[in-house]
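Engineer: Structure provided below as structure tokens; questions to follow.
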Amino acid sequence: MTHPLLDLRGITQHFPTGPGQVVHALDDVSLHVHRGETLGLVGESGCGKSTLARAAMRLVPVTAGQIVFDGDDITHRPRRALAPVRPRMQMVFQDPYASLNPRLSVGRALEEPLRVHRRGGASERRAQVLAMLDRVGLRPDAAARHPHEFSGGQRQRIAIGRALMLSPDLLVCDEAVSALDVSVRAQVLNLLLDLRASFGLAMLFISHDLAVVRHMANRVAVMYLGRVVEVGPREALWRNPRHPYTRTLLAAADGTAESAASDPPSALAPPSGCRFHTRCPHATERCRTDVPVLHDTGGGHAVACHLVPPTLTTP
Ligand code: SF4
């Protein structure tokens, strides 16, 4: 098999926040995304999903681990030397204003990546902007208007169009539809699916909404308090969730159970051993001391739980 497009190896991210205080945002996270594949990333707010996305994009430095993009280790590559890689990995945020300058017309905003990366002459760039507006379902006259003149869904279409102007290989979507109304959300998700197919995009798709992730992803990774606890093909994970936390998440999303009984512990002082042990109904003494390793249980379905085979049957 060819190498992954994005290969995150043992990513650890600790932020000092004061004397003797360190936020353990990510600990030893390893995930990969192949070309044309969408990896969904789910977990409660504060579990490290967005930090991982920003680390993968080299927007924040990592404490340890490697970021390998298309076979190249870019973890410590100087900012200037990242220029050839940047166009190939783009990001869409929850708030379109994070990538749209409110003072720039939409046409200028879409043209800017082409100008910065010296792609084409003025008339060629103009044609590309109009083609992209059409591609994301906006009329040509949108080019002369400013972001505040559009609805939230239209602004997100503009942000998606801007992210695609350089024909990236990887699109990282961080809660990209979370702020949209349900009907608009469905339209934008279908647009993303459509663009994914026509651009051959790989996606790292982050959302707290499991239904959205199920709609979009080929594989899904579940994070809890800075660690990956389960990863596997979408349907395998939905049909047979192995980790107690994944079961809790899916049951809460289905409305068949409350969310985990208590709030998650602070990332300032994550629990020892399995970080889920303070909320897990199956926790044993071993869970309080030994960190469970993410291990493959077959078919690319990996779980980090002491009670999942080969040790014992599912809890
Ligand atoms: Fe629960 Fe222990 Fe498995 Fe952690 S390792 S999920 S505490 S059974």
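Engineer: Inside segment 181-229, can you point out the residues that are touching a helix residue (DSSP H, G or I) at 6+ places or on another chain (Cβ under 8 Å) and in a strand (DSSP E or B)?
Structural biologist: Matches in segment 181-229: 203, 204, 205, 206, 219, 220, 222, 223, 224, 229.
Engineer: Might you check whether a residue that is charged (D, E, K, R), surrounded by 15 or more Cβ atoms within 10 Å (Cβ to Cβ) and not in a helix (DSSP H, G or I) occurs anywhere in segment 283-291?
Structural biologist: Checked segment 283-291: no residue is charged (D, E, K, R), surrounded by 15 or more Cβ atoms within 10 Å (Cβ to Cβ) and not in a helix (DSSP H, G or I).
Engineer: Sticking with this one: Kindly check whether there is at least one residue in segment 205-219 that is near the ligand (Cβ under 10 Å from one of its atoms), of a type in the set (Lys, Arg), in contact with a Leu (Cβ under 9 Å, 6 or more places away or on another chain) and modelled with pLDDT of 95 or more.
Structural biologist: Looking for residues that are near the ligand (Cβ under 10 Å from one of its atoms), of a type in the set (Lys, Arg), in contact with a Leu (Cβ under 9 Å, 6 or more places away or on another chain) and modelled with pLDDT of 95 or more, one finds none in segment 205-219, hence no.
Engineer: Please specify each residue of segment 106-122 satisfying the condition of being of a type outside the set (A, V, I, L, M, F, W, C) and surrounded by 19 or more Cβ atoms within 10 Å (Cβ to Cβ).
Structural biologist: 107, 111, 113 - these are the residues of segment 106-122 that are of a type outside the set (A, V, I, L, M, F, W, C) and surrounded by 19 or more Cβ atoms within 10 Å (Cβ to Cβ).
Engineer: Which of (1) surrounded by fewer than 22 Cβ atoms within 10 Å (Cβ to Cβ); (2) farther than 21 Å from residue 85 by Cα is the odd one out, the single condition residue 200 does not satisfy?
Structural biologist: Evaluating residue 200 over (1) surrounded by fewer than 22 Cβ atoms within 10 Å (Cβ to Cβ); (2) farther than 21 Å from residue 85 by Cα leaves (2) as the failure.
Engineer: Scan segment 128-153 and report the pairs whose first residue is within 15 Å of residue 188 (Cβ to Cβ) and whose second residue is among the β-branched types (Val, Ile, Thr) and surrounded by fewer than 18 Cβ atoms within 10 Å (Cβ to Cβ), with Cβ atoms within less than 8 Å and a gap of 6+ or a chain change.
Structural biologist: Once the first residue is within 15 Å of residue 188 (Cβ to Cβ) and sits in segment 128-153, its partners that are among the β-branched types (Val, Ile, Thr) and surrounded by fewer than 18 Cβ atoms within 10 Å (Cβ to Cβ) give 151/184; 152/184; 153/184.
Engineer: Taking residue 250 and the conditions (1) surrounded by 14 or more Cβ atoms within 10 Å (Cβ to Cβ); (2) in contact (Cβ under 8 Å) with a residue 24 or more places away in the chain; (3) under 25 Å from residue 10 (Cβ atoms), which numbered condition does it fall short on, given that it satisfies the others?
Structural biologist: (3)
Engineer: Give me the pairs: first residue in segment 282-310 and in contact (Cβ under 8 Å) with a residue 24 or more places away in the chain, second residue more than 10 Å from the ligand (Cβ to nearest atom) and acidic (Asp, Glu), beta-carbon distance under 6 Å, and six or more apart or on different chains, which are they?
Structural biologist: 302/296
Engineer: Still on this model: Take the residues of segment 230-256 that are charged (D, E, K, R) and either within 13 Å of the ligand (Cβ to nearest atom) or assigned to a strand (DSSP E or B) (or both): which is modelled with the highest pLDDT?
Structural biologist: Restricting to residues being charged (D, E, K, R) and either within 13 Å of the ligand (Cβ to nearest atom) or assigned to a strand (DSSP E or B) (or both), the top hit is 230.
The values are calculated or read from the model by the stated rules, or taken from the named source; none is laboratory data. The shown structure was predicted, so the numbers you read here are calculated from the model rather than taken from an experiment. Every residue, glycine among them, receives a Cβ derived from its backbone with ideal geometry; neighbour counts consider all protein chains shown.
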